Amino acid sequence: MEEFTIPEGQFALTAEMDDRLRQMAGAGPRAGDGAHPIFALVGALGGLGLRIAELSRALGLDFDAGPVLARCRLDYDDRLRVGTTYRVAARVDEITRKPSRVFGQADHLHLSIMLHDDRPVSRARLHIVFPVRTP
């Protein structure tokens, strides 16, 4: 695969967003400026330099076929903090086409997305499966 550059994006993590997420999830109140850890994923997808549909299409993947998130791994170098605007850097690690019991054929996208300020804060590694529609 030819290398594809994903533009850097931004994600502003506000106290209001954190409060609302905690309320919806039934999570406890925030202690200090530490945000709920799920914002590693929310910020990764919400701050990506392209919308996931645009990225998928630019990579030749069929977003309209209904992709499925097969796996997500979140790693943390530090706590996410409210009141911070993070830079969002992403790269395509791999795209492979494989046989699928469910779809017949499927494209597997492996995507790494990092939230950082002056240093890495969190990384989301996503494995997204795109059905391949046959004419």
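The values are calculated or read from the model by the stated rules, or taken from the named source; none is laboratory data. Here the structure is a predicted model, which means the values were calculated and not measured. Counting neighbours? That spans all protein chains shown, and the Cβs are built from the backbone with ideal geometry, glycine included. Heads up: the accessible areas ignore ligands, DNA and RNA and are worked out on the full protein's heavy atoms, side chains in. Shrake-Rupley method; radii C 1.70, N 1.55, O 1.52, S 1.80 Å.
Pairs under 8 Å by beta carbon, first residue in contact (Cβ under 8 Å) with a residue 40 or more places away in the chain in the range 21-32, partner assigned to a helix (DSSP H, G or I), six or more apart or different chains?
Arg30/Ala15; Arg30/Asp18; Arg30/Asp19; Arg30/Arg22
Inspect all residues belonging to the range 14-37 and state whether any of them is among the charged types (D, E, K, R) and surrounded by fewer than 12 Cβ atoms within 10 Å (Cβ to Cβ).
The answer is yes, given that some residue of the range 14-37 is among the charged types (D, E, K, R) and surrounded by fewer than 12 Cβ atoms within 10 Å (Cβ to Cβ).
Matching residues to (1) under 18 Å from Val129 (Cβ atoms); (2) touching a strand residue (DSSP E or B) at 6+ places or on another chain (Cβ under 6 Å):
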| site | (1), (2) |
| --- | --- |
| Gln23 | no, no |
| Pro29 | no, no |
| Gly43 | no, yes |
| Arg57 | yes, no |
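Filter the range 45-73 for residues that are open to solvent by less than 50 Å² (accessible area, probe 1.4 Å), among the aliphatic types (A, V, I, L, M) and under 15 Å from the mean Cα position of the chain (by Cα) and give the result.
Within the range 45-73, Leu48, Leu50, Ala53, Leu55 qualify.
Let's see how each residue does on (1) open to solvent by 60 Å² or more (accessible area, probe 1.4 Å); (2) modelled with pLDDT under 95; (3) among the small types (Gly, Ala, Ser):
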site	(1), (2), (3)
Asp78	no, no, no
Val92	no, no, no
Arg101	yes, yes, no
Gln105	yes, yes, no
His108	no, no, no
Met114	no, no, no
Asp118	yes, yes, no
Ala124	no, no, yes
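Hey, can you tell me all the residues within the range 93-115 that are of a type in the set (Asp, Glu) and within 30 Å of Leu80 (Cβ to Cβ)?
Asp93, Glu94
Can you name the residue in the range 86-115 that is assigned to a strand (DSSP E or B) and β-branched (Val, Ile, Thr) and, of all such residues, is farthest from the chain's Cα centre (by Cα)?
Residue satisfying both the conditions and the ranking: Thr96.
With respect to Gly83, is the statement that it is surrounded by fewer than 15 Cβ atoms within 10 Å (Cβ to Cβ) and either touching a strand residue (DSSP E or B) at 6+ places or on another chain (Cβ under 6 Å) or not basic (Lys, Arg) (or both) true?
Here the answer is yes, as Gly83 does meet what is asked.
Identify all residues within the range 109-122 that are farther than 18 Å from Arg51 by Cα and touching a residue at least 12 places away in the same chain (Cβ under 8 Å); write none if there are none.
Scanning the range 109-122 gives His116, Asp117, Arg119, Pro120, Val121, Ser122.
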